[in-house]
Amino acid sequence: MDILSEIIEASDQMISSLSESGFFEETPFIEIKPFRRALQVAMQRKWEQENEMYLTDKEFLDICKVAHEQGISKTIEELVDKGAINMSISEDGEILYSANKEFNPDDL
């Protein structure tokens, strides 16, 4: 088996274990497909740089953090686009968010 097949197999096993443990229910902003891809990319880069594909705890947690932040950002962006959240900028340049009281949650 070549290294890319091993990386795919290992990442699939990781996703399966995380799913079984309830990880994706506990972290709803992390989507499985992009997370799997991020794991695969990190494992491939590690292989190319260190000849080792398995991630350390810190490397795995860093991927989780980035995926979580991206998921939150995407969710907020979608809510702003749909009109559920109003966004503005204060005089100090701070981004402000508020719920749109006229928005119907059924429109999500």
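Miscellaneous remarks
- The set of residues from the range 87-99 being part of a strand (DSSP E or B) and out of contact with any helix residue (DSSP H, G or I) (no Cβ under 8 Å at 6 or more places or on another chain) comprises Ser88, Ile89, Ile95, Leu96, Ser98, Ala99.
- Only helices (runs of 4 or more DSSP H) whose full extent lies in the range 1-84 are considered here, and none of them has at least 3 residues that are modelled with pLDDT of 95 or more, surrounded by 13 or more Cβ atoms within 10 Å (Cβ to Cβ) and aromatic (Phe, Trp, Tyr).
- Filter result for Thr56 (among the polar types (S, T, N, Q) and closer than 30 Å to Ile95 by Cα): no
- Pairs where the first residue, in the range 50-78, is at negative phi and acidic (Asp, Glu) and the second is part of a helix (DSSP H, G or I) and at pLDDT 95 or above, C-beta under 7 Å, 6+ apart: Glu52/Lys46; Glu59/Ala42
- Selection status of Glu102, part of a loop (DSSP other than H, G, I, E, B), at pLDDT 90 or above, loosely packed, with under 14 Cβ neighbours inside 10 Å and of a type outside the set (Gly, Ala, Ser): yes
The values are calculated or read from the model by the stated rules, or taken from the named source; none is laboratory data. Remember, predicted model here, so these are calculated numbers, not experimental data. As a convention, Cβ positions derive from the backbone with ideal geometry for all residues, glycine included, and neighbour counts pool all protein chains shown.
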